[in-house]
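The values are calculated or read from the model by the stated rules, or taken from the named source; none is laboratory data. The structure displayed is predicted, hence computed values, not measured ones. Please note: Cβ atoms are built from the backbone with ideal geometry, for glycine as well, and neighbour counts cover all protein chains shown. Calculation scope for accessible area: heavy atoms of the full protein, side chains included, ligands and nucleic acids excluded. Shrake-Rupley method; radii C 1.70, N 1.55, O 1.52, S 1.80 Å.
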Amino acid sequence: MELLVVHPAIKAFMCGSLSGTCSTLLFQPLDLVKTRLQTLQTGVQPGSGRVGMVSVLLSVVRTERLLGLWKGVSPSFVRTIPGVGIYFSTYYSLKQHFLQDRRPGAAEAVLLGGGARTVTRFECGRYSYGSVIGALRSVCQTEGPAALFSGLMATLLRDVPFSGIYVMFYSQTKASLPKEISTSPVAPVANFSCGVLAGVLASLITQPADVVKTHVQVNPQLQTAEAIRYIYMEYGLQGFFRGAVPRSLRRTMMAAMAWTVYEQMMARIGLKS
């Protein structure tokens, strides 16, 4: 047991889990707004104006109060906290095994990030679920347990490339920083800035897959290919970028914060991230 507690991979898991907790709690409202935007019905009257992030945000606060912005945070915690912990633990183990202490190149960073990354209905507001448990029970009763894994393929198509692209841009921008900045007290701020840049680029590239994933999860009858066709027919090409602003903000800030907290904690316990 003592060996498990002090093992570097376990330490990386604990650092990653804590960083995931902080980032999820802070940026959950952006995930909810993104989901609402992606699942808006098309029956909007002409001339009613474009529904944007701010209007959805105000609508949630007006109808569900301020805490409504954190609707779905429980399944987000269940998914993200162990997920981020496993991600960083796997990333650390792969990096130590294949690269030891040297910096990864661009292609190596893509492979590391993608290799390490191998509950939307409650957030969307379309279903009248009273709680997370109620949502789980309803889905299992009406569609079967397999429905809990709907959107898995689209999720993999989104998350694996996102992680690979993010790690590539993040590691390369960090490597380009002057050494005096990397070793100074402002290093966390510099790392966070690198994370923001990497997150914006990775989010925009993988946004279409996120829209497809959301539609598959809230429309049980749709498969991935059918969801792609449906989005294009209903909204056109711009439909694949619905919710891009809140998602980019959330994924960018979450990833930047998670990596910054993770690297600072790893440095404090004497491990090279």
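Details
- Treating r as the C-beta distance of A9 and L99 and R0 as 22 Å, the FRET efficiency rounds to 0.90.
- Isotropic mean projected area of the C-alpha convex hull, region 156-268 (nm²): 7.8 nm²
- Flagged links, alpha-carbon separation over 27 Å, of K95/K213; K71/K174; K95/K179: K95/K213; K71/K174
- Taking all protein chains together, T260, T90 sort by accessible area into T90, T260, largest first [probe 1.4 Å].
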